[in-house]
1. Tell me the relative contact order for region 148-262 as a rounded percent, counting alpha carbon contacts under 8 Å between residues six or more apart.
2. What share of Cα pairs, in percent, lie more than 26 angstrom apart in region 192-304?
3. P(r) for region 242-304, please, calculated from all Cα pair distances in 10 Å bins and given in %.
4. Could you go through region 246-255 in sequence order and give the Karplus-derived ³J(HN,Hα) for each residue, using 6.51 cos²θ - 1.76 cosθ + 1.60 with θ = phi - 60°, rounded to whole Hz, and x for Gly and Pro?
5. Taking the square root of 5 times each eigenvalue of the Cα gyration tensor, what semi-axes in Å does the equivalent ellipsoid of region 79-198 have, largest first?
6. Run the helix sum for the chain: -39,500 (n - 2.57) per DSSP H stretch of 4+ residues, divided by residue count, reported at 222 nm to the nearest 500 deg cm²/dmol.
7. Rounded to the nearest 5, what is the percent of antiparallel bridges among the DSSP beta bridges in the chain?
8. Keeping the other protein chains in place, figure out the carbon and sulfur percent of the accessible area of the chain, with a 1.4 Å probe.
Amino acid sequence: MPKKILVLGRDGQLGFELRRSLAPLGHVVATGRSDCDLTYPLQIARLVGREKPDIIVNAAAFTAVERAEEDTVRAMRINAEAAGELAALAAARGALIVHYSSDYVFDGAKLGAYTEQDTPAPLNVYGRSKLAGEHAVQAMNPAHLVLRTSWIYGVFGSSFLKTMLMAVRQPEPLRVVSDQRGAPTGAAFIADATALMLARYLTRPAGEPFPFGLYHLAASGDASWHEYACFIAQQARRAGLAVTLTPADIRAVPSDQYPTTARRPLNSRLDSRLLERTFGIHVPHWEEGVVHALAAIADSRNLA
Ligand SMILES: NC(=O)c1ccc[n+]([C@@H]2O[C@H](COP(=O)([O-])OP(=O)(O)OC[C@H]3O[C@@H](n4cnc5c(N)ncnc54)[C@H](OP(=O)(O)O)[C@@H]3O)[C@@H](O)[C@H]2O)c1
C-alpha cells in the first residue's frame, strides 16, 4: 500500500513544489485554504480524520511579516496553535509531521551563520509566531522534522525575486536594503530536500532509529538584499527577460532608510551542515538556484 502524504499550503511557493517532489513517494493529497482553513481547529481535525495520512507536511503559514504586527492573534493562531494541533493529530495516528520555520526566529546579532544550537530571540511578531509553532510541534509529536529556512523564492508564487523582476522592468532607479544578509533559498530545493528526508524515513529498516528533530535548510553562501537584487537584474537579462535597469541603477541603502513596521534581523544566515551530515544532502550555492528559477520563468513567459 503506498503511504499517504497530506500536504497543507498547496497554493504557496513551497506547497506548489512539494506536490511535484513528493509525488514519487506515495499518494499525495494536497490541500489549500478552501479545503481546510487553519483558523478553525475543527476543520483541521476533520481533514486529518478524513484523510488518515501517514505523513503530514505543513507548508501553510501566515507569511505576511508586516501584517503580522497588527494581526498578532491570527499569526499566532495559524503559525503556532494550528501547527501544534496538526502535530498532535499526527502523533495520535503514529504519523510523522514535517513543519517549516524561519530564519526570523533569530535576532541577527550573531556574527556567523546560526546553528540549531543557537538561542532564538525573534524581533517581530511573525518570528515569535514561528518560534511558538516550532515549540508546539516539538511538544506534541516526537516524530517531527522542523525545518528552518530563509528568503524563499519560486517559479510559482510571490517573493522578493518576483517583485524585483517587476521593478527592474521599470525606468525608475531602485533603493534596496544592503545591511541585512541571508541566503535566498529556492522552494524547489527545499521541496527536493524534504523528499530525500522522507524517502529515508519511508525506507528505514524496522527498529532503526530515525534522526527526527530540528534542522536548518537554507542554500549556501549569502548576500544582502541589494546584492541579490543586482544579481537578479544581471541574470534576468541573460535569461532573456525584459530588463531596463542595470546594477548601477540599484542603490544600496541601510535598513534605517527603508522603515518597516516589523524589525528584521541583520544576519539571517543559517548553517545547514547538520542536515548535510545527517541526511547526506548537498546544499547548493544560492546563485545556482536563482539562475535556474530565472531560466524557468523566462521559459514559461516565452510559451505564454
Ligand atoms: N517566504 C519566505 O521567504 C520564508 C522564509 C522562511 C520560512 N518560510 C516558511 O516556509 C513555509 C512556506 O512558505 P511559502 O513562502 O511557501 O509561503 P506562501 O507562499 O506565503 O504560502 C503560504 C500558504 O499558506 C496558506 N495559508 C495561509 N493562511 C492559511 C489558513 N488560515 N488556512 C489554510 N492555509 C493558509 C496560504 O493560502 P492562500 O494561498 O489561500 O493565501 C498559502 O498558500 C512557511 O512555513 C513559512 O513560514 C518562508
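The values are calculated or read from the model by the stated rules, or taken from the named source; none is laboratory data. Bear in mind the structure is a predicted one, so any value in this text is a computation, not a measurement. We place every Cβ from the backbone using ideal geometry, glycine too, and count neighbours over all the protein chains shown. The area values use the complete protein model at the heavy-atom level, side chains included, leaving out ligands, DNA and RNA. Shrake-Rupley method; radii C 1.70, N 1.55, O 1.52, S 1.80 Å.
1. On the way: 144 pairs, mean separation 48.4, N = 115.
42 percent.
2. I get 44 percent for the Cα pairs in region 192-304 exceeding 26 Å.
3. Using 10 Å bins, I get a P(r) of 14, 23, 35, 26, 2 for region 242-304.
4. Along region 246-255, the couplings run 10, x, 5, 8, 10, 8, 7, 10, x, 3 Hz.
5. 30, 18, 13
6. Details: 11 runs with 122 residues, N = 304.
After summing the helix terms and dividing by the residues of the chain, the value is -12000 deg cm²/dmol.
7. On the way: 2 of 34 bridges.
Antiparallel: roughly 5 percent of the beta bridges in the chain.
8. On the way: 7520 of 13760 Å².
Of the solvent-accessible surface of the chain, carbon and sulfur hold 55 percent.
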